[in-house]
Every structure is written in structure tokens, then in C-alpha cells.
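Novice: The following block contains the structure, expressed as C-alpha cells.
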Amino acid sequence: MNNVIIIGGGIAGLCAAISLQKIGIEVKVYDKNTEPTVAGTGIIIAPNAMQALEPYGISEKIKKFGN
């Protein structure tokens, strides 16, 4: 398996893409939205979820943009 297509750019799809790229697999992610949508949107990530995101190397980036 050298190439993978992931349908859905949510947290699970993006974490899967990061994990696969780390082991050398080429990944393409497709989502129904062509651009990020933020109007009227809120995202809450619980502390245990932040710990679960640490192996993906993105928890510090999330903290940087959180408020």
C-alpha cells in the first residue's frame, strides 16, 4: 500500500493522514468543503483529547491558536 485516499477532513481523517505520512505513505484527503468554514463554529477539545493528539505532533499548534 503506497497511496491512500481519506474521505473526510475532520479530526479523525486528518490524524489518520498524519500517521500514514509519518510511515511514508502518500495520502490525499478529500472533504465536502473546499475551504475551511468558521462562521458560527466552535470547537472544544477536552484535556484527554489533547493528550491523545500529542503523538501526532499537533497539540502545541492547537494550543497556540486556542483561546
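The values are calculated or read from the model by the stated rules, or taken from the named source; none is laboratory data. Keep in mind that this is a model prediction, so the values were computed, not measured. All Cβ positions, even for glycine, are placed from backbone atoms using ideal geometry, and neighbour counts span all protein chains on display.
Novice: Identify the residue in the stretch 2-42 that is more than 13 Å from the chain's Cα centre (by Cα) and among the aliphatic types (A, V, I, L, M) and, among all such residues, is nearest to residue 58 (Cα to Cα).
Specialist: Step one: filter the stretch 2-42 for residues more than 13 Å from the chain's Cα centre (by Cα), giving 2-5, 22-26, 32-35, 37-42.
If we keep only those that are among the aliphatic types (A, V, I, L, M) as well, we get 4-5, 23, 25, 38-39.
On the way: 4: 21, 5: 21, 23: 17, 25: 19, 38: 19, 39: 23 Å.
Filtering the stretch 2-42 for residues that are more than 13 Å from the chain's Cα centre (by Cα) and among the aliphatic types (A, V, I, L, M), the one nearest to residue 58 (Cα to Cα) comes out as 23.
Novice: From the list 30, 56, exactly one residue is touching a strand residue (DSSP E or B) at 6+ places or on another chain (Cβ under 9 Å) and not small (Gly, Ala, Ser). Which is it?
Specialist: Values: 56 fails: touching a strand residue (DSSP E or B) at 6+ places or on another chain (Cβ under 9 Å).
Answer to the check: 30.
Novice: Now a separate question. Here is a list of conditions, (1) surrounded by fewer than 13 Cβ atoms within 10 Å (Cβ to Cβ); (2) at negative phi, and residue 31 meets all of them except one; can you say which number that is?
Specialist: It is condition (1) that residue 31 fails.
Novice: Yes or no: residue 30 of a type in the set (Ser, Thr, Tyr) and modelled with pLDDT under 90?
Specialist: no
Novice: Would you point out the residue of the stretch 8-26, among those that are farther than 21 Å from residue 66 by Cβ and touching a residue at least 24 places away in the same chain (Cβ under 8 Å), that is surrounded by the fewest Cβ atoms within 10 Å (Cβ to Cβ)? Quick ask: steps written out before the conclusion?
Specialist: Going residue by residue through the stretch 8-26, those that are farther than 21 Å from residue 66 by Cβ are 8, 16-17, 19-26.
Applying the additional criterion that residues be touching a residue at least 24 places away in the same chain (Cβ under 8 Å) yields 19, 25-26.
Values: 19: 13, 25: 13, 26: 11.
Checked the stretch 8-26; the qualifying residue surrounded by the fewest Cβ atoms within 10 Å (Cβ to Cβ) is 26.
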